[in-house]
Amino acid sequence: YVAKGRSTGVAGYDPRDDVNTIERLALLGDLRRALSNDELFLVYQPKISLTDGALGSVEALLRWRHPVRGMVPPDKFIPLAENTGLIGTLTKHVLDTALAQARTWMDAGLPLNIAVNTSARNLHDEEFDRTVRSLLIKHGVSPSTLILEVTESALMADPVRATQLLERLHAQGISISIDDFGAGYTSIKQLRNLPISELKVDRSFVQAMEQDEGEELIVRSVIELGRNLGLTTVAEGVETPDALVRLASFGCDIAQGYVLARPMPAEDLDRWRAEWRGLPTVSDAGL
Ligand code: C2E
Ligand code: MG
Ligand code: MG
Ligand code: MG
């Protein structure tokens, strides 16, 4: 055992590690219970076309309302689930819930495509494509309704195995999106060989773009790369009208961010949808 990146006392021992471990174990135990106690729920964030302002799809994002701690952010509990076997069960639960919701929207005559996040472990699970398939059948939802978001880092953990699985999912008619693009190290060659249809520019670049021309150049380049590869390009974390206008001028296809809509429970999304009047015009935005 070697403690990383800290100056510590005897033999690299740091009592803070024990505290962290105990804390993590407690949270992990709670997370297992959360699944059966209905403490987990999904919120949905609109992905909006920068061409015509249409709502094309929503991204399902997991939320945990802990009975004592209150809201625990996914950045805290998803990694925990990933480091144990729990992520398999968790992703299955998310898919099951999201596809049930997709079915409800279909039945209401307001169909909506739905994006679900996946983890590295899901991509290494030989059964994953069958799991997804059986859930689609269970809910009577067409594969073309589902987008699976895969992060670059998850792909790169085992690119050969991950690619084979993505091929099988793609062959079923499911769309694959590369999430947080630019934050990892996918080569352009690898990108070209993957069965993907969408590229999401990591929100760190989108957010830094406002203050920094270098970051803006990265955003432009990624959008151009995506377009040249025939992919739909998405900017996530769009927070200002100015960023919206600039992204549109770069040829970005879709935007997702607080300036348009926050992630929200399905009932709120239904209300939001009924009131959505398309993108604000330049004059509405006060530009
Ligand atoms: P992600 O997939 O990249 O999701 C986008 C994140 O950006 C979400 O954070 C969303 O709430 C946030 N976001 C959207 N618009 C804005 C904006 O304008 N400004 C800012 N600052 N943030 C914005 P969230 O919901 O906290 O999720 C964080 C990450 O946790 C996700 O990043 C994803 O990697 C992971 N995650 C969430 N739900 C799931 C899930 O069901 N399964 C898996 N495997 N991962 C999930
Ligand atoms: Mg995502
Ligand atoms: Mg993302
Ligand atoms: Mg992210």
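The values are calculated or read from the model by the stated rules, or taken from the named source; none is laboratory data. The structure presented is a predicted model; accordingly, all values stated were derived computationally and were not measured. For neighbour counting, all protein chains shown are included, and Cβ atoms are generated from backbone atoms with ideal geometry for every residue, glycine included.
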Q.
Kindly evaluate Glu224 against the criterion of being in a loop (DSSP other than H, G, I, E, B) and of a type outside the set (A, V, I, L, M, F, W, C).
A. no
**Q.** Enumeration of residues in segment 67-89 that are touching a Lys or Arg at 6+ places or on another chain (Cβ under 7 Å) and more than 16 Å from ligand 2 (Cβ to nearest atom)
**A.** Met71, Leu80, Leu86, Gly88
(Q) Criterion first (within 15 Å of Gly53 (Cβ to Cβ) and free of Cβ contacts under 8 Å to residues at least 60 places away in the same chain) does Val222 satisfy it? (A) no
(Q) Exactly one of these conditions fails for Arg192: (1) surrounded by 16 or more Cβ atoms within 10 Å (Cβ to Cβ); (2) more than 16 Å from ligand 4 (Cβ to nearest atom). Give me its number. (A) (1)
Q) Is there any pair with a first residue in segment 177-195 that is without any contact (Cβ under 8 Å) to a residue 40 or more places away in the chain and farther than 17 Å from Val234 by Cβ and a second that is within 16 Å of ligand 4 (Cβ to nearest atom) and among the small types (Gly, Ala, Ser) whose Cβ atoms are under 9 Å apart and which are 6 or more apart or on different chains, and what are they? A) Tyr185/Ser153
**Q.** Looking only at segment 195-231, and only at residues there that are within 16 Å of ligand 4 (Cβ to nearest atom) and among the basic types (Lys, Arg), the one that is surrounded by the most Cβ atoms within 10 Å (Cβ to Cβ)
**A.** Lys200
Q: Identify the residue in segment 231-268 that is hydroxyl-bearing (Ser, Thr, Tyr) and outside any strand (DSSP E or B) and, among all such residues, is farthest from ligand 3 (Cβ to nearest atom).
A: Ser249
(Q) The conditions are (1) touching a residue at least 12 places away in the same chain (Cβ under 8 Å); (2) within 23 Å of Asp253 (Cβ to Cβ); (3) in a helix (DSSP H, G or I), and Leu217 fails exactly one of them. Which is it? (A) (1)
Q. Restricting to segment 158-189, what's the tally of residues that are closer than 26 Å to Ala208 by Cβ and either within 19 Å of the chain's Cα centre (by Cα) or within 15 Å of ligand 4 (Cβ to nearest atom) (or both)?
A. 10
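From Trp64, Trp105, which residue is away from ligand 3 (no atom under 16 Å from the Cβ) and assigned to a strand (DSSP E or B)? Walk me through how you get there before you give the answer.
Numbers: Trp105 fails: assigned to a strand (DSSP E or B).
Exactly one residue qualifies, and that residue is Trp64.
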**Q.** Count of residues meeting criterion [within 16 Å of ligand 3 (Cβ to nearest atom) and exposed (fewer than 14 other Cβ atoms within 10 Å of the Cβ)] in segment 75-90
**A.** 2
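Of everything in segment 179-204, what is under 15 Å from Val219 (Cβ atoms) and either within 12 Å of ligand 1 (Cβ to nearest atom) or of a type outside the set (A, V, I, L, M, F, W, C) (or both)? Give them in sequence order.
Scanning segment 179-204 gives Asp180, Phe181, Gly182, Ala183, Lys200, Val201, Asp202, Arg203, Ser204.
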Q | Top-ranked residue of segment 1-59 - restricted to ones that are among the basic types (Lys, Arg) and at pLDDT 90 or above, ranked as farthest from the chain's Cα centre (by Cα) | A | Arg33
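Counting only residues that are among the acidic types (Asp, Glu) and part of a helix (DSSP H, G or I), which one in segment 118-173 is farthest from ligand 1 (Cβ to nearest atom)?
Out of the qualifying residues, it is Glu167.
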Q. Over 17 Å from Pro263 (Cα atoms), outside any strand (DSSP E or B), polar (S, T, N, Q) and under 18 Å from the mean Cα position of the chain (by Cα) - does that describe any residue in segment 78-89?
A. yes
Q) Which one of the conditions (1) within 15 Å of ligand 3 (Cβ to nearest atom); (2) within 28 Å of Thr240 (Cα to Cα); (3) modelled with pLDDT of 95 or more does Ile196 fail to meet, given that it meets all the rest? A) (2)
Q: Give the residue, chosen from Val132, Val141, Val116, that is at pLDDT 95 or above, within 16 Å of ligand 4 (Cβ to nearest atom) and closer than 23 Å to Val234 by Cβ.
A: Val116
